[in-house]
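Data block below; observations after.
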Amino acid sequence: MAGGGFSKLPNGSVVVALMLPSPRAGGGRVRVLVHAANRARALTRLRNLGLRAVYLRGNTEPPTPDEVTAVLHHPDGLIWRTAPDDADELWHPIRALLQPARPV
């Protein structure tokens, strides 16, 4: 899976960033950020939410300093937004991605 990476923080924890196919109808890709004690736990958090085929291969696109700040300030430590990044789009909690879309 292309488009992922991590940053190790001074306290020893990590922020993992991954580009994933959107689980919603209509496709597209999303950038997901996870804060965890280590890389394995970050991936386990995503797998426990039902995103089973999640792997981090390499460090080609680590999180930017702005992304690290965003995930550290979120209470769940797990956020997403559509990719490619739109500077005007805010970060969303992961539950907003995994819930079924509401009919209009």
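Things worth noting here:
- Each Cα pair under 8 Å and six or more residues apart adds its sequence gap; the mean of these over the residue count of the range 4-98 is a relative contact order of 32 percent.
- Peptides 29-41, 60-72, 87-99 ordered by packing proxy, namely the average of other Cβ atoms within 10 Å per residue, highest first: 29-41, 60-72, 87-99.
- Packing rank of 52-59, 16-23, where each peptide gets the mean count of other beta carbons within 10 Å, highest leading: 16-23, 52-59
- Compared with the direct C-alpha span, the chain from Ala40 to Ala96 gains 17.8 nm at full extension, assuming 0.36 nm per residue.
- Positive-end residue of Val54, Met19, His92, charge dipole of the range 4-98 with Cβ unit charges: Val54
- Helix axis angle, 39-48 relative to the chain longest principal axis, alpha carbon, degrees: 20
- FRET efficiency, 1/(1 + (r/R0)^6) with R0 30 Å, evaluated for Thr60 and Glu89 via beta carbons: 0.85
- Summed side-chain charge close to Leu9 - residues other than Leu9 whose Cβ falls under 15 Å, Lys, Arg +1, Asp, Glu -1: +1
- Under a model in which nothing but the beta-carbon of Lys, Arg (+1) and Asp, Glu (-1) is charged, the chain shows a dipole of about 600 debye around its Cα centre.
Bear in mind that the values in this text are calculations on the coordinates, not laboratory data. Since this is a predicted model, take the numbers as computed values, not measurements. Note that each Cβ is placed from the backbone with ideal geometry, even for glycine, and that neighbours are counted across all protein chains shown.
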